[in-house]
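Trainee: Dropping a structure here in structure tokens format, bear with me for questions.
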Amino acid sequence: MIRFENVSVRYEEDAEPTLRNVDLTVPEGELVLLVGPSGVGKSTLLGTVSGLVPHFTGGTLTGRVTVDGRDTRTHPPRELADLVGTVGQDPSAHFVTDTVEDELAYGMESLGLAPGVMRRRVEETLDLLGLAELRDRPIATLSGGQRQRVAIGSVLTPHPKVLVLDEPTSALDPSAAEDVLAVLQRLVHDLGTTVLLAEHRLERVVQYADQVLLLPDAVMGPPADIMSVSPVHPPVVALGRLAGWEPLPLTVRDARRRAAPLKARLEGRDPAGLVPRPSAHAAGREEGPASRDRGPVPDAVRASAVSSDADGTGPPAPSASEARGSGGGSPGHGEAGSPHAAGREGRGGGLSLFRRRRTRPAPAPAAPLVLIERLAVRRGRVEALRRVDLRVSPGETLALMGRNGAGKSTLLSTLVGMIEPTSGTVRVAGLAPHATDPRELIRQVGLVPQEPRDLLYADTVAAECAAADADAGATPGTCRALVEELLPGVADDTHPRDLSEGQRLALALAVVLTGRPPLLLLDEPTRGLDYAAKARLVARLRGLAADGHAIVLATHDVELAAELAHRVVIVADGEVVADGPTAEVVVSSPAFSPQVAKVLAPRPWLTVEQVEAAL
Amino acid sequence: MSTARGVSAASDRGASAASARNVFTAPEASRANALHAGAWWLWALGLAVAASRTTDPLLLGLLVGVAGYVVAARRTDAPWSRSYGAFVKLGLFVVGLRVVFSLLLGSPIPGEHVLFTLPEVPLPDWVQGVRIGGRVTAEQLVFALYDGAKLATLLICVGAANALANPARLLKSLPGALYEAGVAVVVAMTFAPNMVADVTRLRTARRLRGRPTGGVRAVLQIGLPVLEGALERSVAVAASMDARGYGRTARVPAAVRRTTNVLTLGGLLGVCAGSYGLLAAEGAAYGLPLLGAGLLAAVAGLRLGGRRTVRTRYRPDLWGVRAWLVAGSGAAVAALMIWANAYAPEALHPGVVPLEAPELPLWPAASVLVGLVPAFVAPVPSVKENNA
């Protein structure tokens, strides 16, 4: 269906080619997944199929790309429109009209299909993608997942033989991503569409792929074969490689069927010492045993309430470990107090409890860094947040999760004073953010927004750093030193726009950290990051947490939350519906549990790293 | 509506009252029965024409009330529907501006009721006839108010059309040759709100850098990023449109292409020359035929040009009975008001010198109420949509 003949693409005459000598054939009706680290030319390869590269982006293409026999050199994108449907990274940049139904019809109108045909196909597509309810809605009012489905639908209506998608699920919450992927699978099964798809979040897509195409080497093969050598791979593959499973499992289900021996080996060990937890000096204030000393603390009380709540509904993981922790354990554990703490500590907990008790600071309970009480935020008639209570202590990492539009970003905005609370109190280090001078506030709290570019105004990295120093009143060179640490080897005169997604995030992080804020907020930090960039980010954030920074991340990335967060707060419809230690919350709600936890359930293992350390 | 009921009673007397009610109750709005955008615009323009024929504040108020009632009864919750409030505010602003100008610059209206006297700025001889400051009379203020109210009513009528009719749908009704220009306008229109959103987002993001979010400097500093963002988005939309077949053309014989060009260009020239002839002192004789011929040639050119585009239209709005009623009600208001103006102009223009209290002339007021017809015949937006 798609034939690449010795294809190379270079954007500048003297630069390295972005794609080099790609030579392969994508057969009809296959779902092909493009994988590879950032910047190996995944988007470029996708662009060559639709003809946007080089007709639209410029650059030189050598070799030949033919789609269903049509040569993309002689056919500009509009002449391929009936054959190839393309959805780019940002669905909102895709829309031409303003309502769902018109958008679905737009491509067919351009191709000049008969009105009767258009009408029928729009109805079919509305059903196929579950958009019938939304047909008259203005696109501006749709959520991220809905938009992504409309974007896919809008290129499906002309019945293209090839569908090209660039990171279709990156911006989506787990359940919206599953909706989109289910649609793609239906297309492949029911209509025989050839789908070419690039995605960083392999844990979501790899099980749907018929073939995996690994860049930059441009080798294509069955998913299991490619995954066994690929430098980027989902956690379930990492676990499989670690355990030496053959053939490599790609789905949680396959892995679980082979997991019995691994589970047996892990029996008697516990992730306790490996579960991320606040660094020693902060831990004493937040956790169960210590809070007992200070009398009732809403946070701890609620956390345990949540955990017992989860026991009733979720998988039996927490109850099992809790039973052992509080009941069957040594006498020391019984004394340890609140069940959720014991559950996390498990058997290895005795020692660390002991240690923490010794290192715990004087009982004078310092005010938590973040104190939110009965917070409500309204925008017009919409109640974005309702009755939110939250505390964050220094050194603690907290993950805010929940579906798109649940109020995560609003909560973060409230913490930096971008949104004024309608009622209730918000205190960051004792200050009310919206009433504090921004210059003062950036020394207390820093937010890296969803689009790190929003923070960057200057046209070179050096100018950006100088401005950041001036803004924060830091000694000149502070920001530059941070950049050097987070982003080694970036030249002073680089334009922030030329940095990759991960580099730009690091620069924004450096800018924010210049003011040395004890509270660091990140909104969706792993969007567009590959596994390597994500691993670097995780390492950096762990370092910051160990230095006593409190970190709050709003994220859809369950794997990130599992690796990083001490506590997970789930927000739904503007309310906090769960708040507790990561292991408990994440294991008890399948939508938010990482792959390793699903494989090794009911035991609370969350990451490959923990398993590796325990073996 | 009352006429429609009468017709129904006459034609199917046998039908039960309930079924007649069913037929004549406005249906719930959906894509299928959406009123043609042009009908709403004709209705609103009719009201606007009526407003331009009177200065009676009571009649103008009635017109605003009629437009406002229809908007309240029939607008959806779509983004463009929110423009009505903006137009009302703009109208009020115009009234205020008109009064302020009258206060400051004086007015040729002779008046006896001097309210107060502003200090007058002495001006040199060569600006004779211009006055800044000076005495302010009640007559001049009332005149300015009436005048401003007229302008405001015109604006509010336009706002009503904007709120009731999707502007993109109106552009969809353009002839095929102009369709692509129409799409460009639609895309441009969606850009404005996007850019406003960008500005707000970047301004609040400045807070994260510890810089004040207000002030001229803030706007200047985020200007470049906003423009860059807009440029990037336009490139992305252009790529998407291209990949979806925008601009595919059918092959047309060279002769047809040339004829199209000649007809369109010639037609436009004819329209220009014709309108000049109509407006100039002499030449009214050849003006009208030239204008007509130019229009014909241009329309023919556009139709011929439409052959180059292969595109078809998905569910175009149909012009049905309800569209006729809506457009007709607007036209009726305009026609009745023009007629009333010819019949009894003084009733529509309450005296300013000497001052007298405006009255509500009965028949013109009744004819304005005809403009309420759309509130009964246009499809009702569904409740669900209102809440969404």
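Trainee: Given the criterion over 30 Å from A:P594 (Cβ atoms), surrounded by 19 or more Cβ atoms within 10 Å (Cβ to Cβ) and more than 14 Å from chain B (Cβ to nearest Cβ), identify the matching residue among A:T193, A:T169, A:T157.
Mentor: Going through A:T193, A:T169, A:T157 in turn, the sole match is A:T193.
Trainee: Against the definition (part of a helix (DSSP H, G or I), buried (at least 18 other Cβ atoms within 10 Å of the Cβ) and within 25 Å of the chain's Cα centre (by Cα)), how does A:T48 come out, yes or no?
Mentor: no
Trainee: Being at pLDDT 80 or above, of a type outside the set (A, V, I, L, M) and outside any helix (DSSP H, G or I), is that true of even one residue in the stretch B:263-282?
Mentor: No: zero hits.
Trainee: When the stretch B:326-351 is examined, which residues are found to be in a loop (DSSP other than H, G, I, E, B) and surrounded by 20 or more Cβ atoms within 10 Å (Cβ to Cβ)?
Mentor: Answer for the stretch B:326-351, where residues must be in a loop (DSSP other than H, G, I, E, B) and surrounded by 20 or more Cβ atoms within 10 Å (Cβ to Cβ): just B:P350.
Trainee: If you scan the stretch A:451-466, which residues turn out to be surrounded by fewer than 19 Cβ atoms within 10 Å (Cβ to Cβ) and either away from every other protein chain (no Cβ under 12 Å) or modelled with pLDDT of 85 or more (or both)?
Mentor: Result: A:T460, A:A462, A:A463, A:A466.
Trainee: Go through (1) modelled with pLDDT of 85 or more; (2) within 12 Å of another protein chain (Cβ to nearest Cβ); (3) part of a helix (DSSP H, G or I) for B:G245 and report which single condition fails.
Mentor: Here B:G245 meets the rest and fails (3).
Trainee: Same structure, new question: Considering only the stretch A:198-254, give the helices (runs of 4 or more DSSP H) lying wholly within it that have at least 3 residues that are over 29 Å from A:V162 (Cα atoms).
Mentor: Of the helices (runs of 4 or more DSSP H) lying wholly inside the stretch A:198-254, those with at least 3 residues that are over 29 Å from A:V162 (Cα atoms) span A:235-243.
Trainee: Might you let me know whether the stretch A:506-516 holds any residue that is within 13 Å of another protein chain (Cβ to nearest Cβ), under 26 Å from B:G223 (Cα atoms) and in contact with a Phe, Trp or Tyr (Cβ under 8 Å, 6 or more places away or on another chain)?
Mentor: The answer is no, given that none of the residues of the stretch A:506-516 is within 13 Å of another protein chain (Cβ to nearest Cβ), under 26 Å from B:G223 (Cα atoms) and in contact with a Phe, Trp or Tyr (Cβ under 8 Å, 6 or more places away or on another chain).
Trainee: Any idea which residue in the stretch A:64-104 is nearest to the other protein chains (Cβ to nearest Cβ), counting only those that are assigned to a strand (DSSP E or B) and among the polar types (S, T, N, Q)?
Mentor: A:T86
Trainee: Spot the failing condition for A:G112; the list is (1) facing chain B (nearest Cβ under 9 Å); (2) out of contact with any Gly (no Cβ under 6 Å at 6 or more places or on another chain); (3) surrounded by 17 or more Cβ atoms within 10 Å (Cβ to Cβ); (4) closer than 23 Å to B:A184 by Cα, and only one is missed.
Mentor: The single condition A:G112 does not satisfy is (3).
Trainee: Let me ask another. So which of B:V237, B:V256 is in a helix (DSSP H, G or I) and more than 7 Å from chain A (Cβ to nearest Cβ)?
Mentor: Criteria check complete, one pass: B:V256.
Trainee: Restricting attention to the stretch A:382-423, report how many residues are in a helix (DSSP H, G or I) and more than 14 Å from chain B (Cβ to nearest Cβ).
Mentor: 2
Trainee: Let me ask something additional. Looking at the stretch A:20-43, can you tell me whether even one residue there is within 14 Å of another protein chain (Cβ to nearest Cβ) and farther than 16 Å from A:D217 by Cβ?
Mentor: yes
Trainee: Working only within the stretch A:106-162, note down all residues that are part of a loop (DSSP other than H, G, I, E, B), of a type in the set (D, E, K, R) and at pLDDT below 90.
Mentor: A:R135, A:D136, A:R137
Trainee: Now, a different point. How many residues are within 12 Å of chain B (Cβ to nearest Cβ), in contact with a helix residue (DSSP H, G or I) (Cβ under 9 Å, 6 or more places away or on another chain) and either surrounded by fewer than 17 Cβ atoms within 10 Å (Cβ to Cβ) or closer than 20 Å to A:P525 by Cβ (or both) when one looks only at the stretch A:467-503?
Mentor: So the count comes out to 6.
Trainee: Can I ask one more? For the stretch A:183-235, which residues satisfy the criterion of being over 24 Å from A:S50 (Cβ atoms), free of Cβ contacts under 8 Å to residues at least 60 places away in the same chain and within 22 Å of the chain's Cα centre (by Cα)?
Mentor: Within the stretch A:183-235, A:Q207, A:M227 meet the criteria.
Trainee: List the helices (runs of 4 or more DSSP H) inside the stretch B:126-228, counting only whole elements, that have at least 3 residues being out of contact with any His (no Cβ under 9 Å at 6 or more places or on another chain) and away from chain A (no Cβ under 11 Å).
Mentor: The qualifying helices (runs of 4 or more DSSP H) are B:138-164, B:176-208.
Trainee: Next question. Kindly establish whether A:G107 is under 18 Å from A:L163 (Cβ atoms), among the small types (G, A, S), more than 7 Å from chain B (Cβ to nearest Cβ) and crowded, with 24+ Cβ neighbours inside 10 Å.
Mentor: No.
Trainee: So B:P253 fits all but one of (1) surrounded by fewer than 14 Cβ atoms within 10 Å (Cβ to Cβ); (2) without any contact (Cβ under 8 Å) to a residue 40 or more places away in the chain; (3) touching a helix residue (DSSP H, G or I) at 6+ places or on another chain (Cβ under 7 Å); what number is the exception?
Mentor: Here B:P253 clears every test but (3).
The rows are residues; the columns are (1) at pLDDT 85 or above; (2) in contact with a Leu (Cβ under 6 Å, 6 or more places away or on another chain); (3) on the phi > 0 side of the Ramachandran plot.
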| position | (1), (2), (3) |
| --- | --- |
| B:T54 | yes, yes, no |
| B:L58 | yes, yes, no |
| B:V70 | yes, no, no |
| B:K89 | yes, no, no |
| B:L92 | yes, no, no |
| B:G96 | yes, no, no |
| B:G106 | no, no, yes |
| B:D125 | no, no, no |
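Trainee: Further, regarding this structure: Please indicate, with yes or no, whether at least one residue in the stretch B:115-128 is of a type in the set (S, T, N, Q) and surrounded by 13 or more Cβ atoms within 10 Å (Cβ to Cβ).
Mentor: No - not one qualifying residue is present in the stretch B:115-128.
Trainee: Still on this model: Is there a residue being assigned to a loop (DSSP other than H, G, I, E, B), facing chain B (nearest Cβ under 10 Å), surrounded by fewer than 16 Cβ atoms within 10 Å (Cβ to Cβ) and not charged (D, E, K, R) anywhere in the stretch A:430-439?
Mentor: no
Trainee: Answer yes if at least one residue in the stretch B:47-59 is without any contact (Cβ under 8 Å) to a residue 60 or more places away in the chain, part of a helix (DSSP H, G or I) and out of contact with any Gly (no Cβ under 9 Å at 6 or more places or on another chain), and no otherwise.
Mentor: Looking through the stretch B:47-59, none of the residues is without any contact (Cβ under 8 Å) to a residue 60 or more places away in the chain, part of a helix (DSSP H, G or I) and out of contact with any Gly (no Cβ under 9 Å at 6 or more places or on another chain).
Trainee: I would also like to ask the following. Taking the stretch A:459-484 as the region of interest, how many residues are farther than 23 Å from A:L537 by Cβ and not in a helix (DSSP H, G or I)?
Mentor: 6
Trainee: Then there is this: Which numbered condition trips up B:V310, out of (1) out of contact with any Leu (no Cβ under 8 Å at 6 or more places or on another chain); (2) farther than 19 Å from B:L263 by Cα; (3) within 14 Å of another protein chain (Cβ to nearest Cβ); (4) in contact (Cβ under 8 Å) with a residue 40 or more places away in the chain?
Mentor: (1)
Trainee: Based on this model, can you work out whether A:R504 counts as part of a helix (DSSP H, G or I), in contact (Cβ under 8 Å) with a residue 12 or more places away in the chain and of a type in the set (D, E, K, R)?
Mentor: Taking the combined requirement at face value, the residue satisfies it.
Trainee: Answer yes or no as to whether B:G182 is without any contact (Cβ under 8 Å) to a residue 60 or more places away in the chain, of a type outside the set (D, E) and farther than 21 Å from B:F93 by Cα.
Mentor: When the stated conditions are applied, B:G182 passes them.
The values are calculated or read from the model by the stated rules, or taken from the named source; none is laboratory data. Only a predicted model underlies this, so the values are computations on that prediction, with no experimental measurement involved. So basically every Cβ, Gly included, is an ideal-geometry build from the backbone, and we count neighbours across all protein chains shown.
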